[in-house]
Amino acid sequence: MGGAITVFRRELSGYFATPVAYVFIVIFLIMAGALTFTVGNFFARGQADLTPFFTFVPWLFLFLVPALTMRLWAEERRLGTIELLLTLPIAQWQAVLGKFLAAWAFCGIALALTFPLVITVNVLGNPDNGVILTGYLGCMMVAGAFLAVGAAISAMTKNQVIAFVLAVAACFFLTAAGSPVVTEFLSKRIPLLADLARAISITDRLNGFTRGVIAARDFVFFASFMAFFLFANTIAIDQRKAD
């Protein structure tokens, strides 16, 4: 894991070496607060929990995570620095894992900075902080899933815009797959696809965490999902590193 840790440190420090990281965090925090207190009717609900916040997190990540991943490999390939990276004494999977973990840690930092919401809900009522903690854990799982998808797509193209658009489309599909509108539509026409949509729905898996339920099947789903796309990322780098 030494090589992966080296890449992790390089990438994470690289985020904060440019204004991109700060812009990402500021936009995330502003949108999270605005959606939670306005659209989510935080005060009008009269309940001491963070359900409105957790409801909107996948939709926030839908755009912000692809913006983070679009440069992971597309920029390396466009600038030709991928050859330099892969000539280092590390395996390809270590480079892939290091970049992924750095982006995941960055998302964790952004989520951690929403702590004023936790303070607010504790001041206003007596919430179950264990449920809030599992909700944040679920948000991290969603971030990891979206990052794995976005990184794999970024490895397949040199164009950051294309990587962003395709990642947004893929993440939107994963987010909307379990919505009642989609499942009811498919249930009436193609029941088999309705079951498939529920099975791959990210939001359905997150709902368990936000209720304070840590199910083994949800962990297995997220772990296998991330592992599959990280493997696809490694394969894509191997196939296209000479392009």
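Since every read-out is calculated from the coordinates, none of them should be taken as a lab result. Keep in mind that this is a model prediction, so the values were computed, not measured. Positions of Cβ are backbone-derived with ideal geometry, glycine not excepted, and every protein chain shown enters the neighbour counts.
Placing dummy labels 7 Å off each Cα toward the beta-carbon, the span from VAL123 to ILE235 is 5.1 nm. Computed on the stretch 1-148, the Cα convex hull volume stands at 106 Å³ per residue.
Annotation for PHE173 and LEU133: the two label points, set 7 Å from Cα along the Cα-Cβ direction, are 3.7 nm apart. Ranking PHE209, CYS139, ALA236 by Cα position along the charge dipole of the stretch 2-240, where only Lys, Arg, Asp and Glu carry charges on their C-beta atoms, puts ALA236 farthest toward the positive end. Helix 129-154 and the longest principal axis of the Cα set of the chain meet at an angle near 30°. Label point of ALA215 set 7 angstrom out along Cα-Cβ; within the stretch 131-151, amide nitrogens under 15 Å from it belong to 138.
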